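Participant: Let me begin by handing over the structure; questions about it come next.
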Amino acid sequence: MDPFHTSSLAIPILPPYPFPTTTWMDPRIWSRLPPRLLDRIVAALPPPAFFRARAVCKRWYALIFSTAFLELYLQVSPNRPWFLFFKHQPFKTGIYRTTPSARPKAHEAYLFDPQDLKWYRLAVPLIPAGFSPASSSAGLICWVSDDAGSKSMILCNAVTGSFVQLPSTLRPRLCPSIALTITNTSIDLVFAGDDLISPYAVKNLTSESFHIDGGGFYSIWGTTAALPRLCSLESGRMVHVAGRFYCMNYSPFSVVAYDISMNQWCKIQAPMRRFLRSSSLVESRGRLVMVAAVEKSKLNVPKSLRLWTLHECVWVEIERMPQQLYNQFVEVEGGRGFDAVAHGEFVVILIKGTDKALMFDFGGKRWVWVPPCPYGGGELHGFAYDPRLAVPITALLEQLTLPFNSFSS
């Protein structure tokens, strides 16, 4: 069976759009444009507008299956930031395996446009039960099995509905930290920590890596490395910046970094490490950024929410939330903690246990409350996301990976 399977459930459910009735929309003008130019215009549309355009005629609907159009799309598609969120699910990983469900199920995701502050609902294709979204890169979402043991993975394109299963990890783990980065010619995936040293105990000992590239080099979980001593990778997620993966480390508080080319881990001291709360690492505009609340007990340093960037192994503060806004934020947050996710110029701070979120725009130097998701309340978690109709690296993965025989109903 072909590991890629296109599902109609992946077509976004979008609100109607009132097209303006101006001379620019005169059908006499548009009907005379050559098809190649029309295809170039359609390829430059943002994803919600593209899916609306597919409803115009059969030819536009079929563009997603055209190799020539997808090649054009990769050249001219707009590069703008998006976020993809899922409803928060309770911690389900356990030492004992759960009974697998006979049928896969569709998941619902929420696409957020930080520039227009708009939400879109997106149906994700049928994913086997017992998998949760763990990371995202270059338009693909990595779903990881919840059960303890060797981890199974699915890479899914939520826009087109295609998905592929990767080979399982070699070492048994409980809830490892996961890193993913994808380019047009390569993919790197790392699982770190939470090694199962017995049926009842875990310890942060090792990492293992998956790599494949267009040059013919690949390593299918064959590259392992020892983690630094006294590691406690509690965040569960890593970010990629300039050839390294970074993750928060607790007890002692620091940042750990994994150099992909050197296959080595190292520790980096965190800023104001004794006074930080709810610290998160994000990637923004090619830089590593730490987001955290500063709660020093002494009165000469006011409590605040700050952003730092790592510059030549030194943390430099680049932004601080205005004090009045921080007071409002603390009142809403109520000590529950928060997470952060970033894409391009935007950093979104999600308050745990609520549907509230605050966003900072580096370009406009402004803070704004994110409008609540209109498709149901509750806590959200998510990733930076690049909606794409085509991801070139999937051609290599198709030659390597296994079909979904084990997930058939």
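Every residue, every condition in (1) acidic (Asp, Glu); (2) touching a strand residue (DSSP E or B) at 6+ places or on another chain (Cβ under 8 Å); (3) under 21 Å from ALA384 (Cβ atoms); (4) open to solvent by 50 Å² or more (accessible area, probe 1.4 Å), yes or no:
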site: SER31; (1), (2), (3), (4): no, no, no, yes
site: ARG40; (1), (2), (3), (4): no, no, no, yes
site: ALA49; (1), (2), (3), (4): no, no, yes, no
site: ARG54; (1), (2), (3), (4): no, no, no, no
site: PHE65; (1), (2), (3), (4): no, no, no, yes
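Participant: Answer yes or no: is there a residue in the stretch 255-268 that is polar (S, T, N, Q) and in contact with a Gly (Cβ under 9 Å, 6 or more places away or on another chain). Please lay out each step first, then the result.
Facilitator: The initial filter retains those residues of the stretch 255-268 that are polar (S, T, N, Q), namely 261, 263-264.
Then keep just the ones that are in contact with a Gly (Cβ under 9 Å, 6 or more places away or on another chain); that gives 261.
Yes, the stretch 255-268 contains a residue that is polar (S, T, N, Q) and in contact with a Gly (Cβ under 9 Å, 6 or more places away or on another chain).
Participant: Here's something else I'd like to know. Return yes or no: is ASN204 polar (S, T, N, Q) and closer than 26 Å to TRP82 by Cα?
Facilitator: Numbers: polar (S, T, N, Q): yes; closer than 26 Å to TRP82 by Cα: no.
So ASN204 fails the test.
Participant: Could you list, in sequence order, the residues of the stretch 253-285 that are part of a loop (DSSP other than H, G, I, E, B) and open to solvent by 60 Å² or more (accessible area, probe 1.4 Å)?
Facilitator: Within the stretch 253-285, the first condition is being part of a loop (DSSP other than H, G, I, E, B), and the residues that meet it are 253, 260-263, 269-272, 285.
Of everything in the stretch 253-285, those that are part of a loop (DSSP other than H, G, I, E, B) and open to solvent by 60 Å² or more (accessible area, probe 1.4 Å) turn out to be SER261, MET262, GLN269, MET272, ARG285.
Participant: For the stretch 225-243, give me the residue count where each residue is open to solvent by 60 Å² or more (accessible area, probe 1.4 Å) and at pLDDT below 90.
Facilitator: Qualifying residue count for the region: 4.
Participant: Is there a residue being within 30 Å of TYR218 (Cα to Cα) and either touching a Cys at 6+ places or on another chain (Cβ under 6 Å) or part of a strand (DSSP E or B) (or both) anywhere in the stretch 361-376?
Facilitator: To start, the set of residues in the stretch 361-376 that are within 30 Å of TYR218 (Cα to Cα) comprises none.
There is no residue in the stretch 361-376 that is within 30 Å of TYR218 (Cα to Cα) and either touching a Cys at 6+ places or on another chain (Cβ under 6 Å) or part of a strand (DSSP E or B) (or both).
Participant: What tally of residues in the stretch 286-297 results from selecting those that are small (Gly, Ala, Ser) and outside any strand (DSSP E or B)? Give the derivation first.
Facilitator: Residues of the stretch 286-297 that are small (Gly, Ala, Ser), as a first pass: 286, 292-293, 297.
With outside any strand (DSSP E or B) added as a condition, the list becomes 286, 297.
Residues meeting the conditions: 2.
Participant: Could you count how many residues in the stretch 359-382 are in contact with a Phe, Trp or Tyr (Cβ under 7 Å, 6 or more places away or on another chain) and either among the aromatic types (Phe, Trp, Tyr) or open to solvent by 30 Å² or more (accessible area, probe 1.4 Å) (or both)?
Facilitator: Initial filter on the stretch 359-382 (in contact with a Phe, Trp or Tyr (Cβ under 7 Å, 6 or more places away or on another chain)): 359-361, 367, 373-375, 380-382.
Still in the list and also either among the aromatic types (Phe, Trp, Tyr) or open to solvent by 30 Å² or more (accessible area, probe 1.4 Å) (or both): 360, 367, 374-375, 381.
Number of matching residues: 5.
Participant: Same structure, new question: If the Cβ limit is 6 Å and pairs must be 6+ apart or interchain, which residue in the stretch 43-68 that is farther than 21 Å from ASN79 by Cα pairs with which residue that is assigned to a helix (DSSP H, G or I)?
Facilitator: TRP60/ALA53
Participant: Could you say whether any residue in the stretch 74-92 is more than 19 Å from the chain's Cα centre (by Cα) and at pLDDT below 80?
Facilitator: Going through the stretch 74-92, the residues more than 19 Å from the chain's Cα centre (by Cα) turn out to be 74-77, 92.
So of that shortlist, the ones also at pLDDT below 80 come out as 92.
Within the stretch 74-92, one or more residues are more than 19 Å from the chain's Cα centre (by Cα) and at pLDDT below 80.
Participant: Now for a separate question. Within the stretch 139-181, track down each residue that is outside any strand (DSSP E or B) and either touching an Asp or Glu at 6+ places or on another chain (Cβ under 6 Å) or closer than 16 Å to GLY193 by Cβ (or both).
Facilitator: Keep residues of the stretch 139-181 that are outside any strand (DSSP E or B), which gives 139, 146-148, 150-152, 158-161, 167-172, 174-176.
Within the stretch 139-181, GLY139, ALA148, SER150, LYS151, THR169, LEU170, ARG171, PRO172, LEU174, CYS175, PRO176 meet the criteria.
The values are calculated or read from the model by the stated rules, or taken from the named source; none is laboratory data. As the structure is a computational prediction, the values presented were derived from the model and not from experiment. Because the Cβ atoms are built from the backbone with ideal geometry, glycine has one as well, and the counts that use them run over all protein chains shown. Calculation scope for accessible area: heavy atoms of the full protein, side chains included, ligands and nucleic acids excluded. Shrake-Rupley method; radii C 1.70, N 1.55, O 1.52, S 1.80 Å.
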